[in-house]
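Asks: Mind having a look at this structure? Questions to follow.
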Amino acid sequence: MISYEKIFENNAAWIAEKKSTDATFFEKLAKEQNPDYLYIGCSDSRVTAEDMMGASPGEVFVHRNIGNLVVSIDLNVMSVINYAVRNLKVKNIIVCGHYNCGGVKAAMTQEDMGILNPWLRNIRDVFRLHRNELQAITDPKQQFDRLVELNVREQCINVIKTAVVQKHYMSSGFPVVHGWVLDIRSGKLIDLHIDFEKELKGIQEIYKLI
Ligand SMILES: [Zn+2]
């Protein structure tokens, strides 16, 4: 485990490394941000957005919470989406889940988890929506993996339900919403190939806001 002191030593080394390749790196960084991506992922310490994407500071606007959830009454995630689309004009919104997600695992467990109950209930709702498919899977590990994927898919749909995404997509063709899963056992990033146009059309039959 990394020691507290080591973090500041690492920071000094990071500054030196950045400056060695670009002397004005921090001057440019301080001016503004212009990221093309909004990344919504899990808070899990093993799933670091920029590392696995090979992205640099300034390239990805990041929001993380337990289970990578997009909840319509969560002011935090809704503010992030609105700011990213309206002000930063991101081209892509990514919802990224990961196998072996503790949040998803907890939602599959029969236990009172206090304040986590209402949060994790959103994942239980995903299970209920897809119960026929999930209950047909007899291998618990495969069922767990599939719930991780379906949760990402449903959170992508929750992003598409927002007025700001519908409005900006209609007028500019952006942002496009993508669903990813990190296979934490191999490090591989899997694109679930969410058909954004198709999902948007389906969603707008009921959730059309503009
Ligand atoms: Zn997780």
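No lab work stands behind these numbers, since they all come straight from the coordinates. The structure displayed is predicted, hence computed values, not measured ones. So basically every Cβ, Gly included, is an ideal-geometry build from the backbone, and we count neighbours across all protein chains shown.
Asks: Provide the per-residue ³J(HN,Hα) series for the range 67-82, in order, calculated from phi with Karplus coefficients 6.51, -1.76, 1.60 and θ = phi - 60°, each as a whole number of Hz, with x at glycine and proline positions.
Replies: With coefficients 6.51, -1.76 and 1.60, one gets x, 6, 9, 10, 10, 5, 9, 8, 4, 5, 5, 5, 5, 4, 5, 4 Hz.
Asks: What's the exposure ranking of 75, 88, 120, going from fewest to most Cβ atoms within 10 Å?
Replies: Listed from fewest to most nearby Cβ atoms, that is 75, 88, 120.
Asks: For residue 108 paired with residue 189, estimate the spin-label separation in nm (one decimal), with each label point 7 Å from Cα along the Cα-to-Cβ line.
Replies: Simple spin-label model gives 2.5 nm for this pair.
Asks: Given labels modelled 7 Å from the Cα in the Cβ direction, how far is it in nm from residue 209 to residue 50?
Replies: That separation, rounded to one decimal, is 3.0 nm.
Asks: What's the exposure ranking of 77, 148, 71, going from fewest to most Cβ atoms within 10 Å? Walk me through the numbers before you get to the answer.
Replies: Working: 77 22, 148 27, 71 17.
With the sparsest Cβ surroundings first, the list reads 71, 77, 148.
Asks: Can I ask one more? Which order results if 130, 193 are arranged by neighbouring Cβ count within 10 Å, fewest first?
Replies: Working: 130 17, 193 9.
Fewest-to-most ranking of 130, 193: 193, 130.
Asks: Further question: For the range 23-81, which semi-axes, largest first and in whole Å, follow from the square roots of 5 times the eigenvalues of its Cα gyration tensor?
Replies: Result for the range 23-81: semi-axes of 24, 15, 8 Å.
Asks: A further question on this structure: Distance check, please: which entries in 105/161; 19/161; 19/105; 28/208; 6/141; 31/198 exceed 31 angstrom between their Cα atoms?
Replies: As for pairs spanning more than 31 Å Cα to Cα, those are 19/161; 19/105; 28/208; 6/141; 31/198.
Asks: Output the relative contact order of the range 53-202, whole-number percent, from Cα pairs under 8 angstrom with separation of 6+ residues.
Replies: In percent, rounded to a whole number, it is 30.
Asks: Name the shape class, rounded, prolate or oblate, that the alpha-carbon gyration tensor gives for the range 100-210, where a ≥ b ≥ c are the square roots of its eigenvalues, rounded holds for a/c under 1.5, and otherwise prolate holds if a/b is larger than b/c and oblate otherwise.
Replies: It comes out prolate by the Cα gyration axes.
Asks: Based only on the alpha carbon positions, what is the Kirkwood hydrodynamic radius of the chain, in angstrom? It would help to have the intermediate numbers written out before the result.
Replies: On the way: mean 1/r = 0.0537 Å⁻¹.
Taking the inverse mean of 1/r over all distinct Cα pairs, the chain comes out at 18.6 Å.
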